[in-house]
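Read-outs throughout are calculated quantities, based only on the coordinates presented, and are distinct from any laboratory measurement. These numbers come from a predicted model, not from an experiment. Backbone-built Cβ (ideal geometry, glycine too); neighbour counts: all protein chains shown.
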Amino acid sequence: MDLRLTVDLPRDLDRMNTLRHVLDGALSGLGVGEQARADIGLIVSETWANVISHVRVGVAFQVRATVNEKACVIEVTSPPDAPDALLPSQPSLQVVSSLADTVDVGGDGLLLRVVKQL
């Protein structure tokens, strides 16, 4: 079973909270355990906190979540004209790294790719 969720989000915490709740509901429906869902919710929140602290108002980013039986993959991409918004040394990404199995930062519009084994 695969779940794919893609949203374009402006620099807005309220919309990220909505995405986090939708993703949590979908993960719950797929039988993902409470701790893994909590980790994924925190990964999404910390990633987004990092993004919105580094970009101007009005810039939208795309967030993709792909879930299968083994893992949840979260990818954040930026529009071509947006500055790099994620730096591996930022405290929020240190939190993400402590919760995820794999974190890749940067490369061709992809700001971040996080893999959390389920």
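Sorting 61-68, 97-104, 43-50, 25-32 by average packing, meaning the other beta carbons within 10 Å per residue, from highest down gives 43-50, 61-68, 97-104, 25-32.
Mind giving me the FRET efficiency for T66 and Q94? R0 is 25 Å, r the Cβ-Cβ distance, nearest 0.05 is fine. The value I calculate is 0.55. Can you give the FRET efficiency to the nearest 0.05 for D2 and D104, using r as the Cβ-Cβ distance and R₀ = 25 Å? Using R0 = 25 Å, I get an efficiency of 0.75.
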